[in-house]
Each structure stands twice: as C-alpha cells, then as structure tokens.
Amino acid sequence: LACSHHHCAFPVSRNELCVWNTATAQPLYLLGHHYSISALSFGSKINPLLVCSASQERVIVWNLDECTQKVQEGFTPRGIVIGTLLGMVLHIRFSPDDQQVAICAGNQIYILSAKNEAVLAELDGHLAPVTAAEFCTWEKSMLISVSEDRTFKARKLWNTFFFFFNLKVWDYSTSQLIYQSGIITGFPLLSLLVDEENKQIITGCAEGQLWIFSLISDHNYRCVAHIDLKKEQEKFCNKVVLLTFLGEGQNNSKLSRTDNMRPEGSVEASLPILLIEHCDFFLCFHDEENTYSSQNTSYFWIGTSTGLLIINLANFELEAYLSYRDYSDLSIWIARSCALTRKAANGKVLCLIASMFEDMIAVLEVNLAALVRTQHSDFLPCGNEKSLSVIASSYIFPFLSNHNFTVIGHKCVMLKKTFYYKCNYFPTGVKNAVKDKPLVFHNKIKSSGYTAAPRMVMFSPNTNLKKKEVSKWKTSCKCKNKEYPLESCPPIKYEREISVTCKPTPIFCVQYSGDGELLACGQADKTVLIFNSNLTDVHNVFSGHDGAVNSVGWSNDRKWLVSASEDRTLRVWSVCNKEPALILGKEKFHKAVRFAQFYFIDTFVLLCCGAEFHLLRSHLDTTKDDLKRYKQRSVCKLVQKFPMTSAMEITSLSAVNEFYSYIVLTAGSNRALEVFDLNAGCSTAVIQEAHVRSVHQICQNKGSSFSTQQPEAYNLFLTTAAGEGIKLWDLRTLR
C-alpha cells in the first residue's frame, strides 16, 4: 500500500495497480506486471508525481500525470521498466530528488535509476530479507536499512532459539558499509523512519518496540531512546479512563488497583509496527490556543496491526490512540499492512489499511484535531478548568477536622490573587493549653469563642490588608530568601572540598538551608554535620542515631533540622542546641524511616516508612523543667498514614515547604509515580511506568512563594532513575 497527498495506491487482482484520487474519486488502473505486486511507493515530489510498483519479474516507475493524460486520450498508459528479475521485493523508496530508487529484494538492496533501466549500486551485506530502507536527506549518498539479520546466539531458553536483528548504514555512491549496529532485539525490524529535524532514525520491530538512534556525527549512532509501545498504549488507556472518572468526581483509588489487569482467559498478542510516519500535529491546531505549551516538538504516527498511535518525540509518550475495533463501520480489526499520507490536508490524514485475513482494503480519513481533542478533553488545562497545582488554591483540610487541633492564630497575605498563609497549630493536649473555662468574671464581656463549635475551615483569608502592609511583608520575605541569579551561568567547576571524617565515610544526604548559609550532611557514621556555606567551618555536630542517617531536612525558618535514620528513629534538632528537641523511637515505625522533611511551612513533618508516608503534627519546645529535666516537652502526633498503591516501598518523596501546598509526590518500587492531595486526603493520580527502573529522586521547584517566577513553573518537577536520563513532568497534565 502507498499514500501521497490525495492519492492512494494498491494492487487489484494481484498484478494490476490502482491509483485512486480521493479528491476526484476517480480510479486509475495501470497494467504492466505479470506477477503479484509486492511493493509500492510514491515519489518525494508532487510535480511530477511518480509511483513505483514492483513484482518478482520487473520494477516499473509510473508518471501519474502522463498516465492520466494517456487514459483521457484513449490510450493504454505505459510505465518505465527500471529493473527486471530482482526477486521478491519487500520495500521501495525514492530518493529525495526522485532520481534514484532503492529496491529491497531478498538480502540485497539495489539502487536503480528512476529514468531508465540501470543499476547504480548493489548493496550486499544483509544475511536475511531487507524489510525497509530510507535515504538520509541531509547527508548525500547515505542510506539506512533494516532487515531480519540473524546473528545466531548459542543459547536456548524455553525450547526457543533467539535471533537478533540489526540495522546498517550505507554509502551507496561507493557501495561501502558505513555502520552496522549491534544486537537490537530478538524480533524482526519491520519499519524505519529518518527524522530530518532531529537528525535521528526510528525503527520498530514485530513485538511493539521502538528504538531511536542519533545520526549526529559526534554521537556515533548511539541509541537515544527505547519505547515499549505495548506498555505506553496500556498506560495511555488507563490514564484516559482514570482521568475520565476523576472528571466525573469519582475516586481513583479503586481504579488504580485494576491497572494492568487483563480478563481471564485472554491472550496477549504481539504488536507489530508496520509503519512509522511524520505527523503534522500543530498544523491541525492552528486555530486553537493553549493546546500545548511548546511547538518545538516532533510527533510521528505509528501504524500497528490493531490501530494508529501518535508519539511525542519530546517525552516519548502517546498523544492519541485510534483502535480499529472502536469503529463499528470498519470491518478490518487486524491489519496486515498500512500506509499514511505524510502531510495533512485540511486537518485530515488519509490512512490505507489492508486486512490480515481477507482480500479487503479500507481508506480512512482521520481528523487529527478531533481525535486528540476527544482523548485529551478530560485532562488538558483549558480556561478555568480545574487541574492539579502545587500552589494551594483552596483553604480547607477536611480530613484534619476529626483530629484534636485548635487554631490559635493566623495571618494572611494576598499576592497576585494567590493566597499564602501563616498558621500556628498546637495540640490541645499540651501542658498550659487553654482549659474549657471562662477567663474573666465580668458578666458583660464578649465571648472569646472557647465554648463555641470547633472551626471547620482552617484557612479563612483576610483580603482587606492594605497595600502598604502587603508590600512591607513581601519585601521582608524577599530579604530572607536568596534566589539563584538568572543572569548567572550554572556552576561547572568546584571551588573547595573538605574531608568530613578521619576515615572514609559515605555521605548519604546533603541539603542547604533555605537562606543558603548552612549545609547539613547525613553520614553513615550515625552523625549529622552542619557546615557553613563555604565549607570553612563546622557549625555543629549532632550525634545520637544508632544507624546511618539517610535524610535531613531544614525547617523554613532555619531553626530546626529533622533527620531520619536506618535505626527506625526520627529526630528533630535545634540548630543552636546539640540535644534533640524531639525523638520518635522504634516503637512508632516498623521499618527504616526515610525522606523526612518539614511540610506546610513547618506545620507538619512528612516521612516515609515502607510503602506508606506519615503526616505528623509536632509542637517543638526546647525549654527544660528543673524537676523533670530528662522529660522532653516537645509533642508529636500522627495525623494520618497514606499508603502508596501497589508498591512494596516508597523510593522517593517530595513536597514543598517554602509555601503552602497540598501536593505530595511519591515514587515507588513498582516504577510508578503517585500524586497525593492532602487537602482531599487521598491519592489523586497514578502515573504507571514512569521510568524503566524505580525512580530514586524527585526534584520540585521549591523557590520562594514571592519569587518572580510564573505560578506555572511550580507545577514542573524532575524525576530520575538509575541508568536512565532525567524526565521533566508537568503536574497539571500528568505528562
């Protein structure tokens, strides 16, 4: 099959070529082959539009303008025979200037002239049938090919021999092999695409795997990415279902358990990649605004046996999925081959598919914008539509209303229509707490509210502040928080190093204080060291843990430091005192405590223990009672535990403490990312298979809430996993 602009080409009665003009709905029948047509391809140019057909006995190039004119004049159209008796041809590709044609026949590749019968080059080196070949548009005389090359491996597993397939890069002007890849996969490579914009090649195999290689000269053909389309397709379908339920106000905690579940008795089928083609993604959205933030991203179509997919080359994720089974009018559910037009016409793309089991061909007209819009309407941020945000936009913690807390003071400031609060909470069980008794003995006194019903709204913003007060508080906070100068270059060389111990000791964690003046280090020797920022002096040493210190976290006011250890204890230290202000012992936790940090501007403490994280409320008090000097006066209470879905252990946790945020991000041993909204008290979203391996670091933008950054910048976060690159995510779109 072949498609180009308004034309579709396919064989009829096996040896007759039919070129159908979709604009005029007029078919053009071309006769010239005696055997079945096995390969077709349109030329790269529109004027004149060429089409090449191949069978076992000959290869013919047809000029469609001349053929149409011949038919109108009543003559039989004739093509130019450019090759004879080349064997079984599986693939044809024109050069960018339509002067040469690459013919993949058996194990060989023939470079033929498109004007006469002449073999310009013969590329011999593959050990199995060549399945696809592409010309490199920016590198003259370069051709890339993939085949079923089988480098037999001396291993037998489950009574099945494994064969491995590779790709080759040729200089067809000299018939020399430039590069041959190593082992790529155990399945035949079926399709190939050259991405001119990014100077990359993309190839797909019969098992739904995609590989992207760089063709930049300094990169030595290295593999840029590997995509498992079967997993990406499953993730995308789960995300659409999940976010559809969220849009209807359903709780997704039940849905997350059904991920990756397959009906009993069903068979997992392979997903052969039949076609890879460029996609005019943004041309179909030229009349719509705010559809996507960046238009510098490449997209491409993936044609499989069960449907069409659109892949985003920036994050290697699916943008849309069209399943043949979803359309009742389409009788083809499994395709044997498919073809797509390279460019969209009026926002629509022509797709030609052939049935696997019947002699049937279907022509599809795909409205790209409508396809993407229907599948993204539930989670694309448009207008006033609600979405996840790191910056708090509501003022209630409903799940805290059942706990024994009393609000005794609050302040509020409004900056750029976004509310930020400073709230103080103390457990009512603390000594010297206000009793439920009157404080005065006068008869006529306004009630202080101590006998009134408890407040259900924890944050009630005061929006009547004067502009001078807002400006004064904003200025004072700016002085306390240092920001990295945007005009400066990133640091690329170290200035100073220091040995923290006399003998080699691993350092498990480091963290700067918010003002950048102090640096905390958690070590394997069970101590926490505090250095000044230039590493010239040790500010303090905290000891008391019985295991390696795996995490440290500063409070927003830089007065407190929380540390977690492998000894299953949590300690909170005062920067000015070597004694811990608070100790939570082993009886509180069943596993090692990790990723401890202050949260909600020092109101709470977050920590991880196994597959769940804990939200703790603490009151810190370093004063000593002479009679009970060994009894700590600090109090800590568990607010709630939040288990992560289907994970054995939380491998990373991140939350913002510099301003009020309800969002907590977690990563688990199941390679998933999970977003918790503590204002709702539940899991809000699950991103399955975020990385190939477990995420070991989540990094959020934790700049000051008074920063000059746009609010959207706070919804971006980074993740990384061992042996992989770094991914940048947008919390609002979960991508």
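So the values come out like this:
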| read-out | value |
| --- | --- |
| Matching residues in segment 714-735 - criterion: being closer than 13 Å to Arg693 by Cβ, assigned to a strand (DSSP E or B) and either of a type in the set (Gly, Ala, Ser) or open to solvent by less than 10 Å² (accessible area, probe 1.4 Å) (or both) | Thr719, Ala721 |
| Members of segment 530-552 that are in contact (Cβ under 8 Å) with a residue 24 or more places away in the chain, of a type in the set (A, V, I, L, M) and part of a strand (DSSP E or B) | Ile530, Val541, Val549, Val552 |
| Matching residues, segment 318-347, being at pLDDT below 85 and of a type in the set (Lys, Arg) | Arg342, Lys343 |
| Strands (runs of 3 or more DSSP E) within segment 659-699 that include 2 or more residues open to solvent by 10 Å² or more (accessible area, probe 1.4 Å), out of contact with any Cys (no Cβ under 7 Å at 6 or more places or on another chain) and within 16 Å of Leu731 (Cα to Cα) | 682-687 |
| Lone qualifier among Leu1, Leu40, Leu31, Leu17 - being over 20 Å from Leu350 (Cβ atoms) and not assigned by the TED database to the domain that holds Ala335 | Leu31 |
| All positions within segment 208-225 that are within 22 Å of the chain's Cα centre (by Cα) and outside any strand (DSSP E or B) | Gly208, Arg222 |
| Positions within segment 584-600 being touching a Ser or Thr at 6+ places or on another chain (Cβ under 9 Å), not small (Gly, Ala, Ser) and not in a strand (DSSP E or B), in sequence order | Lys586, Lys588, Phe589, Phe600 |
| Members of segment 365-377 found to be open to solvent by 30 Å² or more (accessible area, probe 1.4 Å) and either hydroxyl-bearing (Ser, Thr, Tyr) or under 19 Å from Ser328 (Cβ atoms) (or both), listed by number | Glu365, Asn367, Ala370, Thr374, Gln375, Ser377 |
| Some residue of segment 68-80 being part of a strand (DSSP E or B), surrounded by 15 or more Cβ atoms within 10 Å (Cβ to Cβ) and not hydroxyl-bearing (Ser, Thr, Tyr) | yes |
| Some residue of segment 622-642 being open to solvent by less than 40 Å² (accessible area, probe 1.4 Å), over 26 Å from Cys509 (Cα atoms) and in the same structural domain as Arg558 (by the TED database) | yes |
| Neighbours by Cβ (under 6 Å, 6+ apart or cross-chain): first from segment 321-349, loosely packed, with under 14 Cβ neighbours inside 10 Å; second modelled with pLDDT of 85 or more | Arg325/Trp333; Leu330/Tyr324 |
| Residues that are under 44 Å from the mean Cα position of the chain (by Cα) and in a loop (DSSP other than H, G, I, E, B), drawn from segment 5-22 | His5, His6, Thr22 |
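The values are calculated or read from the model by the stated rules, or taken from the named source; none is laboratory data. Please read these numbers as outputs of a predicted model, since none were measured by experiment. With ideal geometry, Cβ positions are generated from the backbone for all residues, glycine too; neighbour counts draw on all protein chains shown. Please note that ligands, DNA and RNA were not included when accessible areas were found on the heavy atoms of the full protein model with its side chains. Shrake-Rupley method; radii C 1.70, N 1.55, O 1.52, S 1.80 Å.
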